[in-house]
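Written below as structure tokens is the structure these notes are about.
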Amino acid sequence: MTKRKILKTLYEKKDEYVPVELLVNKTGKSQKEIENEFDTLEDEGYIINHSKLGYRLIKTPNLLLPYEVKKDLKTDFIGHDIHYFKEVDSTNDVARYLAEEGAEEGTVVVAEIQNRGKGRRGKTWISPPGGVWMSIILRPDIAPSKAPQLTLVTGVAVAETLKEELKLDVGIKWPNDILIGNKKVCGILTEVNASINNVNYVIVGIGIDMNVEIPLFPPNLQKDATSLKNELDTEINGAMLVQKFLLKFEDLYNQFKDGKFPEILNEWRLLSKTIGNNVEVRTRGKTVRGEAVGINKDGILILELEDGSLRKMISGECLHINDT
Ligand code: BTN
């Protein structure tokens, strides 16, 4: 709280020295306590000048610190509670723990580094510094069978944010990979906790390779992965990107809860790089090849096989054959 008030004052008086007496006044804390808060801020990466005139903010770290994300956040409920970690095993696991403890819908968990990031189908998600590794707790009043649709809703939210804010030509590979060209820049992992008739909570995990340096990925991933920084040749402001994404996500999530999944699916279709492609879908048991001819109203991929028959694919890993 004190830290938030100090930062607010420093931002208001940008480019000026703020006398310590003013900070004492605004926070009700002692000079010594204020000095301690400045030590923490410097540890977090803020660069602050200190002279006899007071304190002056020189540089804000490009980190997903809750204060920085919340500062210009325009949402009604998503991201109002943010749990921040410099390093964590998996934000999805922390979110699940918080959800079990009763955390509210819209609670966000974010980390700079994940040591055991989880991908789909039991894979590891490599999560070095520079990424957006984030999970959102949702408590929608829907049938459990509808919960996987939230993966597609999230994919549309990420893709539209990257298009609108960064003017990137992104597409979606079914069910949930965000691509730039043929390279993956974001993955989504949705985990559902439900009883037979009710969803207790859903954790939507989003991993965006924002400012990640590609050589930090293992060599076998490097040719198929990219980052926003790599594409744009410039460092992206993480707090800004997360604010814009959360706003877009909240809007689409509200639409989803209002029964507008068909409309969101139409946006998904427009963004799809899978439909019209020859694909190979690998499921646990087998691999199916065919042309992806559409996605049905439930988000299920329809393949036309070589013999002309149609096959519905509920889940699996999809490879675009033309691209490989
Ligand atoms: C995929 O395999 O494409 C899904 C990757 C999902 C990664 C994100 S990063 C934040 C959240 N925490 C995790 O452990 N995984 C998801």
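The values are calculated or read from the model by the stated rules, or taken from the named source; none is laboratory data. None of these values were measured; they are calculated from a predicted model. Methodologically, a virtual Cβ is constructed for each residue, glycine included, from the backbone with ideal geometry; neighbour enumeration extends over all protein chains shown. The accessibility values were calculated without ligands, DNA or RNA, using every heavy atom of the protein model including side chains. Shrake-Rupley method; radii C 1.70, N 1.55, O 1.52, S 1.80 Å.
Contact map, segment 210-221: first residue outside the structural domain of Q243 (by TED's automatic domain parsing) and in contact (Cβ under 8 Å) with a residue 24 or more places away in the chain, second residue hydroxyl-bearing (S, T, Y) and open to solvent by less than 90 Å² (accessible area, probe 1.4 Å), Cβ cut-off under 7 Å, separation 6 or more or different chains; the map is empty. Filtering segment 307-322 to residues that are hydrophobic (A, V, I, L, M, F, W, C) and modelled with pLDDT of 95 or more leaves only L310. What about G187, is it modelled with pLDDT of 95 or more, buried (at least 18 other Cβ atoms within 10 Å of the Cβ) and small (G, A, S)? So G187 passes the test. Quick one: would you say D298 is at pLDDT below 95 and not assigned by TED's automatic domain parsing to the domain that holds A157? So D298 fits the description; yes. Scanning segment 23-36 for residues that are open to solvent by 50 Å² or more (accessible area, probe 1.4 Å) and under 18 Å from I58 (Cβ atoms) yields a single hit, E35.
Screening W133 with (1) under 12 Å from V204 (Cα atoms); (2) surrounded by fewer than 20 Cβ atoms within 10 Å (Cβ to Cβ); (3) not acidic (D, E) gives one miss only, at (2).
In segment 255-274, the qualifying residues are those that are touching a residue at least 24 places away in the same chain (Cβ under 8 Å) and in a loop (DSSP other than H, G, I, E, B), and the one that is least open to solvent (accessible area, probe 1.4 Å) is T274.
Whether a residue is over 27 Å from Y253 (Cα atoms), in contact (Cβ under 8 Å) with a residue 60 or more places away in the chain and open to solvent by less than 20 Å² (accessible area, probe 1.4 Å) was assessed, and L64 does not pass this test. Does segment 97-117 include one or more residues that are open to solvent by 20 Å² or more (accessible area, probe 1.4 Å), within 26 Å of R284 (Cα to Cα) and among the aromatic types (F, W, Y)? So far as segment 97-117 goes, no, none of its residues is open to solvent by 20 Å² or more (accessible area, probe 1.4 Å), within 26 Å of R284 (Cα to Cα) and among the aromatic types (F, W, Y). Applying a threshold of 9 Å to beta carbon distances and a minimum spacing of six or more residues, or different chains, the list of pairs starting in segment 34-45 at a residue that is on the phi > 0 side of the Ramachandran plot and ending at one that is of a type outside the set (G, A, S) and surrounded by 12 or more Cβ atoms within 10 Å (Cβ to Cβ) reads G45/T60; G45/P61; G45/N62; G45/L63; G45/L65. Inside segment 83-125, residues that are more than 8 Å from the ligand (Cβ to nearest atom), of a type in the set (S, T, N, Q) and assigned to a strand (DSSP E or B) make up a count of 1.
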